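Note sheet for the following structure.
Derivation of every value follows stated rules applied to the coordinates shown; laboratory data play no part. Treat the numbers as computed from the prediction; the structure is a model and nothing was measured. For neighbour counting, all protein chains shown are included, and Cβ atoms are generated from backbone atoms with ideal geometry for every residue, glycine included.
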Amino acid sequence: MELHPLDRGDPSTEEADQQEEVTMEGRKSPLKSPQKLSLLSSPVRAVIRLRRTAHMLKKGFLPGDTQVKLLQRQLSLGKPKLGSASNQATLNNSQYFTFDPSAPLPVTKPSRRKKKARNPRVLYPESSRKYLPTEHKSKAKRFLLLLMAIICFQILNAIENLDDNLMKYDLDGLEKTMAREVFGQPFVIERIMGLLKDYLATHVHNKPLVISFNGPSGVGKSHIGRLLAKHFRSVIGAHFVLHYFKMHHCPNEASISTCQLELSETIGDMVAKAEIEEIIPLFILDEVESMPAALLETLGGFFQTNQTNEYLNAVYILISNLGGEEITNHFLQNISSDPFHPQRKMEELQTSLRPILSHVHPLWTWAEIIPFGLLEKTHILSCFYEEMMSEGIYPNPSHIEHLAGQLSYYEKAGREFGITGCKQVVAKVNLL
């Protein structure tokens, strides 16, 4: 009879088994033969040990090294012993029943518990009435709102007053009239209207408005002066407009002192009445180039800033031929250069004219200088047409061309500019 394969283990294991068998044989009654008992009980004992070891592993009673040795012993008892080096290496390298992990387990951080968002609502008892918490309002906020309301009201009131003042003088109607009846001076009209609108929009000023019309004869300076006088007489009254001609109001050189006194009294009376009516008077002074130095000194005294309020609220327009030659030369020399920026030419003329006029008298240091350029032949034809229409004469184009051909012109860059402008148009039409 052959032995069971599990009994072919290590010598130490066989010796332990033999001792256990002797012990068991001593405890049991000798009913069977020793050889038969060892053959039958060896597999049974191996199974019992395996079950007991597995049960203890589940309970976790044995340490790691003891468990590994016990498993190796039990495997040696339960499987046939081959005695080869490959089986020993397989046993040593086997991953079964080993408690050392092949790779370290990932360390996980303990998750933090999220805090529940607090309910922002205030919970009141059911039996009590619900009231909002009392808010302490600052009184300074009320005063700030009141101050802002006052400022807004003042701004709106000032804007309405500006519109009312401009409506009083009807500057839009004046601009349309000048655009219709003045030829060849669009930038002059734009400059005049801009100065008047800015000054007449309010009744409080720190200096009077002084405008100087300068240019050669016949370019429209006196014509614009007459249009201004006519318009302001119709909107503010004739007693607030003075159209002063030196040859008419002061013809004699011997009575200069009398002219000074009369002009001073006239200006004083007009500004006093205008201050009461809250109206800005208009003074148009023509033929200024023929005024003596004493009369210019009298006028210069009204242009100062250290005066009472009624003298600061006034508009003075000076019309003269001073600087006409300089304007003509500058115009003809620069007629072909920079044709798309005529406004720049006017600014250059203003800069060059100021020292010349200030040398005549210092009063031009306070004046806004507006130079008038030369008129082309097409503008002179328009002057003939308007004059003939106003006199009730049929404006025949061939007749107008014939009359315009009798005048003298500057020829520059293929263009013709009148030497005397429209000054002789009225005389030519009256001869018809």
Which residues, counting only those in the stretch 244-271, are charged (D, E, K, R) and surrounded by fewer than 16 Cβ atoms within 10 Å (Cβ to Cβ)? GLU253, GLU262, GLU265, ASP269
Select, from TYR394, TYR316, TYR385, the only residue that is more than 18 Å from LEU195 (Cα to Cα) and touching a Pro at 6+ places or on another chain (Cβ under 9 Å). TYR385
Based on what the data block shows, is GLN406 exposed (fewer than 15 other Cβ atoms within 10 Å of the Cβ) and within 28 Å of MET247 (Cβ to Cβ)? yes
Test for TYR311: is it assigned to a strand (DSSP E or B), buried (at least 18 other Cβ atoms within 10 Å of the Cβ) and among the aromatic types (Phe, Trp, Tyr): no
Considering only the stretch 218-234, state which residues are assigned to a helix (DSSP H, G or I) and either closer than 18 Å to LYS423 by Cβ or touching a Gly at 6+ places or on another chain (Cβ under 8 Å) (or both). LYS221, SER222, HIS223, ILE224, GLY225, ARG226, LEU227, HIS231
Check on ILE276, crowded, with 16+ Cβ neighbours inside 10 Å, more than 18 Å from ILE189 (Cα to Cα) and within 47 Å of the chain's Cα centre (by Cα): no
Return yes when SER217 is closer than 30 Å to THR328 by Cα, surrounded by 13 or more Cβ atoms within 10 Å (Cβ to Cβ), touching a Ser or Thr at 6+ places or on another chain (Cβ under 9 Å) and in contact (Cβ under 8 Å) with a residue 24 or more places away in the chain and no when it is not. yes
Can you pull out every residue in the stretch 196-209 that is of a type outside the set (Asp, Glu) and either within 16 Å of GLU310 (Cβ to Cβ) or assigned to a helix (DSSP H, G or I) (or both)? LEU196, LYS197, TYR199, LEU200, THR202, HIS203, VAL204, HIS205, ASN206, LYS207, PRO208, LEU209
Please go through (1) assigned to a helix (DSSP H, G or I); (2) under 19 Å from ALA201 (Cα atoms) for ILE280 and return the number of the only condition it doesn't satisfy. (1)
Among the residues of the stretch 383-432, the number that are more than 55 Å from the chain's Cα centre (by Cα) and small (Gly, Ala, Ser) is 4
In the set SER222, SER212, SER234, SER217, the lone residue that is in contact with a Lys or Arg (Cβ under 6 Å, 6 or more places away or on another chain), polar (S, T, N, Q) and closer than 29 Å to CYS383 by Cα is SER217
Given the criteria surrounded by fewer than 19 Cβ atoms within 10 Å (Cβ to Cβ) and more than 30 Å from PHE331 (Cβ to Cβ), does VAL241 qualify? no
